[in-house]
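*Asks:* One structure follows; several queries about it will come next.
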Amino acid sequence: DCELTDNPTDELGAYAQILKENNNTNLDDSYTSVYPSFHITYNITEKRSLQFAISSRVERPGGGHHGGSRQIRPFPREVHSDNFIFLGNPSLEPEYSTNYEISYKSTIMTKSNQWMGIFSTNIHYEHVRDKIEWYSSNEYEFDVLTFRNADTGKGYGLEYFFMVFGQTLGGGFWYNEIQDGSDDVEL
């Protein structure tokens with residue numbers, strides 16, 4: 001027999017306290033957005049091209065990001081852990097980003113005009129509003145893991161890819177920064 005009270009010293013009590021604090025919360029989640037994209041390619045020669053792109057995107061927790069996947073559950077994957085409570089955030093705002101990218105692609109030829117390989121590189125910059133981040137809440141006596149919005153974020157990156165005589169070499173560098181005016185060290 002287990003009674004649901006708002007005693008925050010155990011997991012069930014922490015759940016009860018959280019439910020009580022969020023009872024009758026009014027949420028306005030109606031919004032309309034447009035996500036434009038603009039891409040232009042300039043063919044320098046038959047074997048070399050330069051592309052410029054600007055695009056807008058929206059992300060929600062659990063969605064893909066830069067070809068990867070942001071998991072709803074953190075490591076360890078056991079949500080029902082004695083170490084923390086995983087809590088969704090119904091008042092989370094969508095994460096909007098504007099992305100700028102310049103790409104260069106070239107076919108690599110030998111002196112005798114035989115195909116040798118390809119080279120591709122791109123540089124990108126991303127500006128994010130309402131950046132979604134993991135958040136470890138210290139509001140309760142029990143560890144609560146959730147999501148919160150930081151004010152803004154930005155990211156830079158450089159990627160390259162070579163394929164020469166069937167051998168592949170590629171890599172990249174990414175730098176991300178988050179800014180939040182709340183002075184909350186968790187963000």
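*Asks:* Take the stretch 102-120 and flag every residue that is farther than 13 Å from Tyr160 by Cα and either surrounded by 16 or more Cβ atoms within 10 Å (Cβ to Cβ) or over 33 Å from the mean Cα position of the chain (by Cα) (or both).
*Replies:* Ile108, Met109, Thr110, Lys111, Ser112, Asn113, Gln114, Trp115, Met116, Gly117
*Asks:* Let me ask something additional. Would you confirm, using the coordinates I've provided, whether Ile132 is modelled with pLDDT under 90 and crowded, with 16+ Cβ neighbours inside 10 Å?
*Replies:* Yes; evaluated as a whole, the condition is true for this residue.
*Asks:* Looking at this structure, is Asn99 surrounded by 14 or more Cβ atoms within 10 Å (Cβ to Cβ), within 25 Å of Ile54 (Cα to Cα), within 13 Å of the chain's Cα centre (by Cα) and not hydroxyl-bearing (Ser, Thr, Tyr)? Let's see the steps before the verdict.
*Replies:* Working: surrounded by 14 or more Cβ atoms within 10 Å (Cβ to Cβ): yes; within 25 Å of Ile54 (Cα to Cα): yes; within 13 Å of the chain's Cα centre (by Cα): yes; not hydroxyl-bearing (Ser, Thr, Tyr): yes.
Against the criterion (surrounded by 14 or more Cβ atoms within 10 Å (Cβ to Cβ), within 25 Å of Ile54 (Cα to Cα), within 13 Å of the chain's Cα centre (by Cα) and not hydroxyl-bearing (Ser, Thr, Tyr)), Asn99 qualifies.
*Asks:* Another one. Hey, among Glu21, Glu78, which residue is acidic (Asp, Glu), at pLDDT below 60 and out of contact with any helix residue (DSSP H, G or I) (no Cβ under 9 Å at 6 or more places or on another chain)?
*Replies:* Only one candidate qualifies: Glu78.
The values are calculated or read from the model by the stated rules, or taken from the named source; none is laboratory data. Note that the coordinates shown come from a computational prediction; the quantities given were computed from them, not determined experimentally. Glycine also receives a Cβ, built like all others from the backbone with ideal geometry; neighbour counts cover every protein chain displayed.
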